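The values are calculated or read from the model by the stated rules, or taken from the named source; none is laboratory data. Please read these numbers as outputs of a predicted model, since none were measured by experiment. Don't worry about glycine lacking a Cβ; one is built from the backbone with ideal geometry, like all the others, and counts go over all protein chains shown.
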């Protein structure tokens, strides 16, 4: 996998995009179906040719790229920052647990077979992805504490959506690591990452690459 700054920014955008949807579900009890599908679909790209192929197109990462610039340049969202750091930290722990990685791989393939009968955003699929998260990532410490409306999070379908989205965030965190990303880079190489994110956004709006 390439270790360019561009690839790292794409992966970082993927993590933040998933985490923002976690916020939406926890606070509002719902998330945009198209954005939910774009994030969850990354879980089934298990042999990508490059970083972009995990997401399908730059357009599907538009929100995530904007979030990267917001978190690195403007006043960051403290909650999103917490989710990001926790996800990246847990990914490092997960990388040293081959038995959990195998469980995730088997769970993804099982869910892929279910998708022959249900669409990606169907409650059965989301419940399957949530179960994978509960059986693997949730066993690691510290567990990610999701803030939101108590009534929203008490709803089983919302709780499943949050766990499925956190699993997708972990998938992008794995990509971040594969592309040479390190947590310290977010602080010490913030300007370089910001420049790359801004460049990708500008190219998208000027049509300088295919989406």
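Tabulated data for the structure shown
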{"quantity": "Selected residue (only one of 40, 80 is in contact with a helix residue (DSSP H, G or I) (Cβ under 6 Å, 6 or more places away or on another chain) and closer than 22 Å to residue 6 by Cβ)", "calculated": "80"}
{"quantity": "Residues that are free of Cβ contacts under 8 Å to residues at least 40 places away in the same chain and in contact with a helix residue (DSSP H, G or I) (Cβ under 8 Å, 6 or more places away or on another chain), drawn from segment 8-29", "calculated": "none"}
{"quantity": "Selected residue [at negative phi, surrounded by 14 or more Cβ atoms within 10 Å (Cβ to Cβ) and without any contact (Cβ under 8 Å) to a residue 60 or more places away in the chain] from 127, 161", "calculated": "127"}
{"quantity": "Helices (runs of 4 or more DSSP H) enclosed by segment 1-90 - at least 3 residues per element that are within 12 Å of the chain's Cα centre (by Cα) and farther than 22 Å from residue 125 by Cα", "calculated": "5-28"}
{"quantity": "Selection count where residues are under 14 Å from residue 10 (Cα atoms) and touching a helix residue (DSSP H, G or I) at 6+ places or on another chain (Cβ under 7 Å), scope segment 171-185", "calculated": "10"}
{"quantity": "Answer residue from segment 91-114, given it is in contact (Cβ under 8 Å) with a residue 40 or more places away in the chain and in a loop (DSSP other than H, G, I, E, B) and is farthest from residue 200 (Cα to Cα) among those", "calculated": "97"}
{"quantity": "Which listed residue, of 60, 97, 93, 75, is farther than 15 Å from residue 23 by Cα, modelled with pLDDT under 95 and either surrounded by fewer than 19 Cβ atoms within 10 Å (Cβ to Cβ) or out of contact with any helix residue (DSSP H, G or I) (no Cβ under 8 Å at 6 or more places or on another chain) (or both)", "calculated": "75"}
